[in-house]
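Quick notes on the structure that follows.
The values are calculated or read from the model by the stated rules, or taken from the named source; none is laboratory data. On a predicted model such as this, the values are computed, not experimentally measured, just so you know. So basically every Cβ, Gly included, is an ideal-geometry build from the backbone, and we count neighbours across all protein chains shown.
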Amino acid sequence: MAKKQIPLIDTDIHERVQYKDILEYLDEPFKHYMKNCHWIQEKHMPYTQPATAGVDRADAILPDGRPAGSDLAFMQEQLLDDVGHEFGILTGALDPSPSSMHGWYEMAAALATAYNDWQIEHWLEKDERLYGSVHIASQDRDEAVKEIERVGSHPKMVQILLPIDDIMWGDPYYHPIFEAAEKHDLMIGMHHNEPPVYYGKWPRYFIEWHTLIPTAHMKIIVNMIFNGVFDKFPKLGLMMIEGGFTHIPHLMWKMDQQFRDLRHEVPWLKRKPSEIMKEQVRITTQPAEELTKKEFMSLIDQMGTDEMLCFSTDYPHWDYDSPYRALPNMEPELKEKIFSENARAFYPKLPDKRED
Amino acid sequence: MKEQVVCKTSDLQPGEIRESFFGKQNIIICRTQNDNFYAFMNQCIHQGAPLGKSLLCGATTGESTPGDYHYCHKDEVIRCPWHGREFDMKNEGRMLANPDKKLVSFKVRIENEDVIVYK
Ligand code: FES
């Protein structure tokens, strides 16, 4: 029996560049460093790979051995056509990518430019369903703003993937980036890229790190909200990618309660923290905690809105969530919101629903 | 469908998995290093991944204590190609982390060189 198609807006798909493919997009001397000096991105993670094919689904590796996510035709067949995606948002971010680079600002900025050009040419302009993320190297903020100005107006760029660093995103350091984002109708995406979550170090086990990714998200949300970013930039939206979603009600309750006690310290807040979240923060679902229908509905109830969650598969990674199996059954109206309409309403540059 | 020859024993090497059909059902046949054969539905009970792309391997066991790994099962564990959940072939395909759950399994016997699957 043929599978029922789901017209999904998938908020986390990883395309993958290979070093040899990005070379032609790099300016000198950075091309020289990669080609002749064999630069490769530093690797940090001290653990074994999480699953049987590294961080990928074993069945997403190409038959010719190329890495998962590196070939559009294969992705179309295995994911986009198979599920019936309406749109997919590319989030890249494995090496080589500026997202997890520290130090060597020049290389990171050159890599961001090369990556964006490669992404546009090989993905965004090759499949009308695919939309992209602007990669930047924010350790050099002014170069990052230039890069946003350079590619941010591309009609298929819908967000900026802001690298995670030790300057929290509520810091005024980032304001020029948010300004550029607003100007080009780009949202801000946070996708973990190996940020240590244990006081600047790695925990002992991968399972600890992977369990605690939402804490990295929580820190950024709290920081941006109490530092007044969302009031200063009312058009800005924050997409929290790949942390699951069951921590959201906790965070809303906690911030609201703290705000009632400590408002005097952050008097610039014009709205309750939970209201700010409901209006300007969205959360992708994967890796979905395995809830029963009753638990899931109760969680939505606790959030006070069914408009925050946006389905994501994280294809082709090992912790892929199947659109058919990851969430419990739900009413068609709610399903439509989570599987497409919430993301459509969030990203201003995604087209309206086709009436056909 | 009572029983069916699904392949020859020589069609798969020790440590290999092979996809086949039992009637209309897409199944996998697994051959361990000790030449035991097992058959399961080619669909993970978690989110439906194709188990034909699994890895047959060993696993760390419950006898391990913090900081001290105990490893065995040799190649008797199926690790799913997606989330890597481990299923113990020798124990009816039960999930190591949650033995209440198990893969859909079929019986297997070998006659001459034939691998025969039955209910
Ligand atoms: S689909 Fe097999 S472990 Fe998730």
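What to note about this one:
- The listed residue being of a type in the set (D, E, K, R), away from chain B (no Cβ under 14 Å) and under 15 Å from A:Phe245 (Cβ atoms), out of A:Glu295, A:Glu341: A:Glu295
- Looking across the stretch B:5-57 at every residue that is among the polar types (S, T, N, Q) and closer than 17 Å to B:Val104 by Cα, the one that is nearest to the ligand (Cβ to nearest atom) is identified as B:Gln47.
- Residues (over 18 Å from the mean Cα position of the chain (by Cα) and within 14 Å of another protein chain (Cβ to nearest Cβ)) located in the stretch A:319-338: A:Tyr324, A:Arg325, A:Ala326, A:Leu327, A:Pro328
- Scanning the stretch A:174-213 for residues that are within 18 Å of A:Thr285 (Cα to Cα), in contact with a helix residue (DSSP H, G or I) (Cβ under 9 Å, 6 or more places away or on another chain) and at pLDDT below 95 yields A:His191, A:His192, A:Asn193.
- For the condition under 16 Å from the mean Cα position of the chain (by Cα) and within 18 Å of A:Met187 (Cβ to Cβ), A:Gly152 does not qualify.
- Against the conditions (1) within 14 Å of another protein chain (Cβ to nearest Cβ); (2) more than 16 Å from the ligand (Cβ to nearest atom), A:Glu290 satisfies every one except (2).
- Scanning the stretch B:2-45 for residues that are part of a loop (DSSP other than H, G, I, E, B), within 13 Å of another protein chain (Cβ to nearest Cβ) and surrounded by 18 or more Cβ atoms within 10 Å (Cβ to Cβ) yields a total of 4.
- Close Cβ contacts (under 7 Å, 6 or more residues apart or on different chains) running from residues in the stretch B:73-93 that are closer than 17 Å to B:Ser105 by Cβ to residues that are at pLDDT 95 or above and among the hydroxyl-bearing types (Ser, Thr, Tyr) comprise B:Ile78/B:Ser54; B:Arg79/B:Ser54; B:Cys80/B:Ser54; B:Met89/B:Tyr38; B:Glu92/B:Ser105; B:Gly93/B:Ser105.
- Residue that is farthest from the ligand (Cβ to nearest atom) [pool: residues in the stretch B:94-113 that are part of a loop (DSSP other than H, G, I, E, B) and touching a residue at least 12 places away in the same chain (Cβ under 8 Å)]: B:Glu113
- Criterion (at pLDDT 95 or above, acidic (Asp, Glu) and within 13 Å of the ligand (Cβ to nearest atom)) met by exactly one of A:Asp306, A:Asp321: A:Asp321
- Scanning the stretch B:93-119 for residues that are at pLDDT 95 or above and of a type in the set (Lys, Arg) returns B:Arg94, B:Lys101, B:Lys102, B:Lys107, B:Arg109.
- Any chance B:Cys80 is within 14 Å of chain A (Cβ to nearest Cβ), at pLDDT 95 or above and either crowded, with 21+ Cβ neighbours inside 10 Å or more than 11 Å from the chain's Cα centre (by Cα) (or both): yes
- The residue of the stretch A:46-105 that is farthest from the other protein chains (Cβ to nearest Cβ), among those that are closer than 19 Å to A:Glu128 by Cβ and of a type in the set (Asp, Glu), is A:Glu86.
- Checklist (1) more than 10 Å from chain A (Cβ to nearest Cβ); (2) within 25 Å of A:Pro323 (Cα to Cα); (3) surrounded by fewer than 18 Cβ atoms within 10 Å (Cβ to Cβ) applied to B:Asn91, failing item: (2)
- Top-ranked residue in the stretch A:247-277 [being touching a residue at least 12 places away in the same chain (Cβ under 8 Å) and not in a helix (DSSP H, G or I); ranked as surrounded by the fewest Cβ atoms within 10 Å (Cβ to Cβ)]: A:Trp268
- Tallying residues that are under 22 Å from A:Tyr347 (Cα atoms) and hydrophobic (A, V, I, L, M, F, W, C) within the stretch A:69-111 yields 7.
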